Every structure is written in structure tokens, then in C-alpha cells.
Amino acid sequence: MDMTGWLDYFITGLETQMTAVKKRGEQVIRRDVLVQKHNLNERQATALDLLMKNTSVHISEIEELCSGVTRRTVQRDMNGLIELNLVRITGSARQSNYEFIK
């Protein structure tokens, strides 16, 4: 029985999964280095992780991850990330989003 097709399919799938794991691992390591380097709090680390996964994030998405915290506290945390040049804000007022600076 020729298993070449199955092996090719399996290897291609494994390669795809390994590439995704490598990318996510590099992201986590980079996030941890930035958290330690800049002495970020847990909310800032959570926001940074979200921003590294997505191109643009609204403050309400960050609020969902930081339950029990007011929007104003999240905004202060995000302003700290902006001051460190890790994040930038785009748009204005209610339409504003945060982006990770690569």
C-alpha cells in the first residue's frame, strides 16, 4: 500500500502547526521580555499580549480581559504603554484603537 500521499498530507499539516507554535512562542517570549524590561503590571501585560495578536484593538476589548477594573484604569495603563513607545493610538474619541508598535 502506497502511503506517500498520506505522509505528504501529514508532514504538511505538521509543518503548518509547528510554524504556528514557533510564531506564538516567539510572541510570548517577546512579550515577557518587554514586561520585565519595562516593569509592566498584569493588565498592561494582558493588553500587550492582545495587541501582539491583533493589528488593532478597541479599549472595550481590553476591558473585557481586565474584569473588575474601570475604563479609566485601563486608559491609564494604556497611556503608560504609549509613553513607553510600545503602543500607539489611532483614530479619535470613541473610534480610537490601540496598535502595537513593532
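The values are calculated or read from the model by the stated rules, or taken from the named source; none is laboratory data. Computed from a prediction, not measured in an experiment: that's the story for all the values here. So basically every Cβ, Gly included, is an ideal-geometry build from the backbone, and we count neighbours across all protein chains shown.
For segment 31-64, give me the residue count where each residue is polar (S, T, N, Q), in contact with a helix residue (DSSP H, G or I) (Cβ under 6 Å, 6 or more places away or on another chain) and in contact (Cβ under 8 Å) with a residue 24 or more places away in the chain. Reasoning before the result, please.
Keep residues of segment 31-64 that are polar (S, T, N, Q), which gives 36, 39, 41, 44, 46, 54-56, 60.
Among the residues that remain, those that are also in contact with a helix residue (DSSP H, G or I) (Cβ under 6 Å, 6 or more places away or on another chain) are: 44, 46.
With in contact (Cβ under 8 Å) with a residue 24 or more places away in the chain added as a condition, the list becomes 44.
The qualifying residues number 1.
Looking only at segment 53-102, count every residue that is charged (D, E, K, R) and either more than 26 Å from Val21 (Cα to Cα) or touching a Gly at 6+ places or on another chain (Cβ under 7 Å) (or both) and tell me the total.
8
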Original post:
Do any helices (runs of 4 or more DSSP H) entirely within segment 15-102 hold 3 or more residues that are surrounded by 10 or more Cβ atoms within 10 Å (Cβ to Cβ), modelled with pLDDT under 95 and under 15 Å from the mean Cα position of the chain (by Cα), and if so, which?
Top reply: 42-53, 59-65
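Just to be sure, is Asp2 in a loop (DSSP other than H, G, I, E, B) and exposed (fewer than 11 other Cβ atoms within 10 Å of the Cβ)?
On the way: in a loop (DSSP other than H, G, I, E, B): yes; exposed (fewer than 11 other Cβ atoms within 10 Å of the Cβ): yes.
So Asp2 passes the test.
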